[in-house]
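Visitor: Provided herewith is a single structure, encoded as structure tokens, for subsequent inquiry.
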Amino acid sequence: MKCNYCGSELKENDSKCSFCGQPVEGAMPEEEGSQAPAECMTGEKTDEAEAGAGVSAKTSDLPGSASELFNGGPVQPQKKPGARIALIAVAAAAVIGIGALAVMKLTEKDPKEVVINAFENIYPEDQVSPMEELFGLSQFQEYAAGGSQQVKTELVLENCSEETVNKLAGGGIRTEFKYDRENQKGSFDMGILYNNMDLMKLKLYYGDETVMAAVPELSSRVFTLDISEGLVDRLKSSPTLGPVLEGSDVDLEELAAFYQEYMAWVQSKMEEGTASDPYGLKDVWKRYQEGSQAQENFKAALTVEKAEKGSFQMNGKEVSCKGYQVHVSKDSMISFLRTSADFFLQDKELKENFLENLRMSLRMLEITGGEGATEALGGLSAEEQLEENYEEVKKSVDEAIDTLEQALGDIEMLVHVDSKGRLASVEGTTSLNDDGEVIDVKFSLILQGGSYLTQNAQAKVVLTEDGESVRFEMVKQGTYDKNQLTGDISFDVYAGDEDHIGVMASSTYYAEDGDFNVKAEVAVDQEKVLGLSATGVISELEKGSAFHMDLDEFRVDVPDSDTWSIGTEDAYMVFSGEYDLRPLSEEVTEPEGEKLDVLAATGEDWQEIMMEVYMGVMDIASQVAPMMN
């Protein structure tokens, strides 16, 4: 049997529902359930009844059980079934809420961890690089390290405000470099332009262990030097160089041996990919990050507490950021510097790389300089020389850190971090003690994001001493939408209320058509003293292989001003040019002309060459002179 009111299961002898309290149909209500107020039961007024005697409402007019209550009739409990359910729901919600709050507190990141992560991830590994996306710079670097290439450049004067210089319009310089990695050949051509034509050319070539050079406008000869095996014998037997070398302190055999060793060393560095970093600085920096305790100790010494929230612009939107008060002690900074310095000075691989390069340099000095060079070095070996240099460096570093320890003060910073853990703002203060003179330092950094966190940023440093201030400001703005890339940056230095030096640069690039423009200015006391600008188009771009840029105009302006007077009106020069980089598509060839072995050449040969060069110079002068008049 079920309750007609709430549907709960009933027992056979139940007179009322144990859940909702309603009487079971056909059962007599229990005495407790029908108890009426004392006034109704006895007919006597209680104190409470007397207090309410002035009520004039007719109880017969009251609805339902209310009327029965005032008239002494049976009264049943009015508990509703939803009340208990609601109570259970509220209790459950409270339990869940308390649990969620506890979980949040337990999983909430430590303030120090939040601040450290924010600083460490200013430049995250997955950061968007517009220059990389648009041009593939790393791909070009990789190709340059392992492929054959050719590069052409040209820069030509178009016009100039100075009339004398303007007569050289159409003049300039042209270069072309080719490198065949597979066949180990290379060439370099340079042309001096006049009236948009080659006035004079220099041609250099290397291949098959032979070096060649030619200047066709000055001589018909191609000067060659065979540097293959037997070079020492050829040097000794040279009619012109042999006697000169014989009277010198140079040991030709040792020099030749060193040359072969040096070239093999350079080749090994190129094959290892370390030619551009001979000291292995990238590797030592990685070892420092992974193995040094300097950074961890510095982090541990930080004191970080929660502070008030703040609102900042991030990616063009107003965002709420959590605040943190950070204290950096002077002792922790000095400890960090000392530990870091010790790591680099004691790094074995870095020291070995320095020693390797020093050996090469000392050997060259000893071979070419003889005993005089050895004496100048104090007769020390490469190892001894390196140890002496290291001791001098360590002494200088220790002195510098000692000076900083006397000058530096603790740093107080207010740091704000957005909900994504990105650094939004840093404001800080410290002081510098300069021989008893205290310099107050205030600094701030605001990162406003964009396609990457630092694309839009503001930085300021203010140094104040005895009421006089020097202010450094930097403002960086930019946009990137996969097609258009813009960038503006300015640096300004203000000393007092009047003195000012500023540098500004801005650029825009459109990927769709390759158009670009760049502008830069230098100003003193708010007045421009130098201007640079360039416009052009990148007409060909294949990431990692081909790149062609046409420079329509490159302009240099030097305004005449009160700050920097040049004695005339505004001066300017305008150039045009181009740059082309691509995989090698042309054969690397030797210069054309009659070859002359410079070691086998006699005195008579050199006299003939000198006369030929003289006639060539006179011919060039005869071409230029009429145009200059």
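Visitor: Of these, Ser228, Ser138, Ser220, which one is open to solvent by 30 Å² or more (accessible area, probe 1.4 Å), over 43 Å from the mean Cα position of the chain (by Cα) and over 30 Å from Met573 (Cα atoms)? If you could, list the steps in order and put the result at the bottom.
Guide: Details: Ser228 fails: open to solvent by 30 Å² or more (accessible area, probe 1.4 Å); Ser138 fails: over 43 Å from the mean Cα position of the chain (by Cα).
After applying the criteria, what remains is Ser220.
Visitor: Shifting gears a bit: Where the second residue is in a helix (DSSP H, G or I) and modelled with pLDDT of 80 or more and the first is of a type in the set (Gly, Ala, Ser) and lies in the range 235-258, which pairs have Cβ atoms under 8 Å and are six or more apart or on separate chains?
Guide: Gly242/Leu235; Gly242/Lys236; Ala256/Leu231; Ala256/Val232
Visitor: Which one is surrounded by the fewest Cβ atoms within 10 Å (Cβ to Cβ) among residues in the range 417-437 that are under 22 Å from Gln458 (Cα atoms) and of a type in the set (D, E, K, R)? Break it down into steps so the answer makes sense when it comes.
Guide: If we filter the range 417-437 for residues that are under 22 Å from Gln458 (Cα atoms), which is where we start, we get 417-431.
From the residues that got through so far, the ones that are of a type in the set (D, E, K, R) too are 418, 420, 422, 427.
Working: Asp418: 19, Lys420: 12, Arg422: 20, Glu427: 16.
Filtering first and then ranking leaves Lys420.
Visitor: Here is a follow-up. Tell me, which residue of the range 438-485 that is aromatic (Phe, Trp, Tyr) and either out of contact with any Ser or Thr (no Cβ under 8 Å at 6 or more places or on another chain) or in a strand (DSSP E or B) (or both) is most open to solvent (accessible area, probe 1.4 Å)?
Guide: Step one: list which residues in the range 438-485 are aromatic (Phe, Trp, Tyr), which gives 443, 452, 472, 480.
Adding the requirement that they be either out of contact with any Ser or Thr (no Cβ under 8 Å at 6 or more places or on another chain) or in a strand (DSSP E or B) (or both) leaves 443, 472, 480.
Working: Phe443: 50, Phe472: 83, Tyr480: 38 Å².
Per the stated criteria, the residue is Phe472.
Conditions tested, residue by residue: (1) under 34 Å from the mean Cα position of the chain (by Cα); (2) at pLDDT 90 or above.
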position: Asp515; (1), (2): yes, yes
position: Glu521; (1), (2): yes, yes
position: Lys528; (1), (2): yes, no
position: Ala534; (1), (2): yes, yes
position: Glu540; (1), (2): yes, yes
position: Thr568; (1), (2): no, no
position: Val574; (1), (2): yes, yes
position: Glu590; (1), (2): no, yes
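Visitor: Something else about it: Is it fair to say Gly577 is open to solvent by less than 50 Å² (accessible area, probe 1.4 Å) and in a helix (DSSP H, G or I)?
Guide: On the way: open to solvent by less than 50 Å² (accessible area, probe 1.4 Å): yes; in a helix (DSSP H, G or I): no.
Criteria not met by Gly577.
Visitor: Right, next: Condition check: β-branched (Val, Ile, Thr), open to solvent by 30 Å² or more (accessible area, probe 1.4 Å) and within 25 Å of Met263 (Cα to Cα). Does Val211 satisfy that? Outline the logic, then answer.
Guide: Details: β-branched (Val, Ile, Thr): yes; open to solvent by 30 Å² or more (accessible area, probe 1.4 Å): yes; within 25 Å of Met263 (Cα to Cα): yes.
So Val211 fits the description; yes.
Visitor: Out of Val518, Val598, Val574, I need the residue that is among the β-branched types (Val, Ile, Thr) and more than 30 Å from Asn483 (Cβ to Cβ). Which one? Don't jump to the end; show me each part of the working.
Guide: On the way: Val518 fails: more than 30 Å from Asn483 (Cβ to Cβ); Val574 fails: more than 30 Å from Asn483 (Cβ to Cβ).
Testing whether each residue is among the β-branched types (Val, Ile, Thr) and more than 30 Å from Asn483 (Cβ to Cβ) leaves just Val598.
Visitor: I'm checking my understanding of the structure. Among residues of the range 191-208 that are over 42 Å from the mean Cα position of the chain (by Cα) and among the hydrophobic types (A, V, I, L, M, F, W, C), which one is least open to solvent (accessible area, probe 1.4 Å)?
Guide: Restricting to residues being over 42 Å from the mean Cα position of the chain (by Cα) and among the hydrophobic types (A, V, I, L, M, F, W, C), the top hit is Leu199.
Visitor: Residues in the range 475-489: is at least one in contact (Cβ under 8 Å) with a residue 40 or more places away in the chain, within 30 Å of Glu318 (Cβ to Cβ) and hydrophobic (A, V, I, L, M, F, W, C)?
Guide: Yes, the range 475-489 contains at least one residue that is in contact (Cβ under 8 Å) with a residue 40 or more places away in the chain, within 30 Å of Glu318 (Cβ to Cβ) and hydrophobic (A, V, I, L, M, F, W, C).
Visitor: Only residues that are among the polar types (S, T, N, Q) and either closer than 17 Å to Asp557 by Cα or touching a His at 6+ places or on another chain (Cβ under 8 Å) (or both): list them for the range 491-526, please.
Guide: Residues of the range 491-526 among the polar types (S, T, N, Q): 506-508, 517, 526.
Residues satisfying the conditions are Ser506, Asn517, Gln526.
Visitor: Does Val266 qualify as being open to solvent by less than 80 Å² (accessible area, probe 1.4 Å) and either acidic (Asp, Glu) or in contact (Cβ under 8 Å) with a residue 40 or more places away in the chain (or both)? Quick ask: steps written out before the conclusion?
Guide: Working: open to solvent by less than 80 Å² (accessible area, probe 1.4 Å): yes; either acidic (Asp, Glu) or in contact (Cβ under 8 Å) with a residue 40 or more places away in the chain (or both): no.
Taking the combined requirement at face value, the residue does not satisfy it.
Visitor: I'd like to verify a number: residues in the range 141-151 that are open to solvent by less than 50 Å² (accessible area, probe 1.4 Å) and at pLDDT below 85, how many?
Guide: Within the range 141-151, the subset open to solvent by less than 50 Å² (accessible area, probe 1.4 Å) is 144, 147-151.
Still in the list and also at pLDDT below 85: 144, 147.
Summing the residues that are open to solvent by less than 50 Å² (accessible area, probe 1.4 Å) and at pLDDT below 85 in the range 141-151 gives 2.
Visitor: Could you list, in sequence order, all residues of the range 152-176 that are open to solvent by 30 Å² or more (accessible area, probe 1.4 Å), of a type in the set (A, V, I, L, M) and part of a strand (DSSP E or B)?
Guide: Leu155, Ile173
Visitor: Follow-up question, since we're still on this one. What's the number of the only condition in (1) at pLDDT below 80; (2) closer than 30 Å to Val417 by Cα; (3) open to solvent by 50 Å² or more (accessible area, probe 1.4 Å) that Phe119 fails to meet?
Guide: (1)
Visitor: Here is a check on your reading of the model: is Phe343 out of contact with any strand residue (DSSP E or B) (no Cβ under 8 Å at 6 or more places or on another chain), part of a helix (DSSP H, G or I) and open to solvent by 70 Å² or more (accessible area, probe 1.4 Å)?
Guide: Numbers: out of contact with any strand residue (DSSP E or B) (no Cβ under 8 Å at 6 or more places or on another chain): yes; part of a helix (DSSP H, G or I): yes; open to solvent by 70 Å² or more (accessible area, probe 1.4 Å): no.
So Phe343 fails the test.
Visitor: Of all residues in the range 616-627 being aliphatic (A, V, I, L, M) and loosely packed, with under 11 Cβ neighbours inside 10 Å, which is farthest from Lys201 (Cα to Cα)? Step through it out loud before you land on a result.
Guide: The first filter runs over the range 616-627 and keeps only residues aliphatic (A, V, I, L, M), leaving 617-618, 620-621, 624-625, 627.
Those still in the list that are loosely packed, with under 11 Cβ neighbours inside 10 Å too: 618, 621, 625.
Working: Met618: 16, Ala621: 15, Ala625: 19 Å.
Looking at the filtered set, the residue picked out is Ala625.
Visitor: In addition: Could you list, ordered by first residue, the pairs with Cβ atoms under 7 Å in which the first is in the range 281-299 and open to solvent by less than 60 Å² (accessible area, probe 1.4 Å) and the second is part of a helix (DSSP H, G or I) and among the acidic types (Asp, Glu), at least 6 apart or interchain?
Guide: Close Cβ pairs (under 7 Å, with a partner that is part of a helix (DSSP H, G or I) and among the acidic types (Asp, Glu)) amount to Val284/Glu349.
Visitor: Of the residues that sit in the range 588-622 and are charged (D, E, K, R) and free of Cβ contacts under 8 Å to residues at least 12 places away in the same chain, which one is nearest to Glu154 (Cα to Cα)? First the steps, then the outcome.
Guide: Going residue by residue through the range 588-622, those that are charged (D, E, K, R) are 590, 592, 594-595, 597, 604-605, 608, 612, 619.
Checking which are free of Cβ contacts under 8 Å to residues at least 12 places away in the same chain leaves us with 604-605, 608.
Numbers: Glu604: 38, Asp605: 35, Glu608: 34 Å.
The selected residue is Glu608.
So that you can scan it fast, the table gives a plain yes or no per residue for (1) open to solvent by 40 Å² or more (accessible area, probe 1.4 Å); (2) at pLDDT 90 or above:
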{"position": "Asp233", "(1), (2)": "yes, no"}
{"position": "Val244", "(1), (2)": "yes, no"}
{"position": "Ala256", "(1), (2)": "no, no"}
{"position": "Met270", "(1), (2)": "yes, no"}
{"position": "Pro278", "(1), (2)": "yes, no"}
{"position": "Leu302", "(1), (2)": "no, yes"}
{"position": "Glu305", "(1), (2)": "yes, yes"}
{"position": "Asp331", "(1), (2)": "yes, yes"}
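Visitor: Only one residue in Phe491, Phe547, Phe516 is in contact with a Phe, Trp or Tyr (Cβ under 8 Å, 6 or more places away or on another chain), open to solvent by 50 Å² or more (accessible area, probe 1.4 Å) and either among the charged types (D, E, K, R) or not in a loop (DSSP other than H, G, I, E, B) (or both). Which one?
Guide: Values: Phe547 fails: open to solvent by 50 Å² or more (accessible area, probe 1.4 Å); Phe516 fails: open to solvent by 50 Å² or more (accessible area, probe 1.4 Å).
From the options Phe491, Phe547, Phe516, the qualifying one is Phe491.
Visitor: Quick one: is Ala407 surrounded by fewer than 16 Cβ atoms within 10 Å (Cβ to Cβ) and modelled with pLDDT of 85 or more?
Guide: Working: surrounded by fewer than 16 Cβ atoms within 10 Å (Cβ to Cβ): yes; modelled with pLDDT of 85 or more: yes.
For Ala407, the condition - surrounded by fewer than 16 Cβ atoms within 10 Å (Cβ to Cβ) and modelled with pLDDT of 85 or more - is met.
Visitor: Let me ask another. Quick test for you: out of His327, His416, pick the one residue that is in contact with a Cys (Cβ under 8 Å, 6 or more places away or on another chain), under 28 Å from Ser469 (Cβ atoms) and touching a residue at least 60 places away in the same chain (Cβ under 8 Å).
Guide: None of the other options fit; the residue is His416.
Visitor: In the range 125-139, what residues are in contact with a strand residue (DSSP E or B) (Cβ under 9 Å, 6 or more places away or on another chain) and assigned to a helix (DSSP H, G or I)? Give the derivation first.
Guide: The initial filter retains those residues of the range 125-139 that are in contact with a strand residue (DSSP E or B) (Cβ under 9 Å, 6 or more places away or on another chain), namely 128, 130-131, 133-136.
Listed by number, the residues that qualify are Pro130, Met131, Glu133, Leu134, Phe135.
The values are calculated or read from the model by the stated rules, or taken from the named source; none is laboratory data. Keep in mind it's a predicted model, so treat the numbers as computed, not measured. Note: ideal-geometry Cβ built from the backbone for every residue, glycine included; neighbour counts use all protein chains shown. Just so you know, the surface numbers come from the protein's heavy atoms only, side chains and all, with ligands and any DNA or RNA stripped out. Shrake-Rupley method; radii C 1.70, N 1.55, O 1.52, S 1.80 Å.
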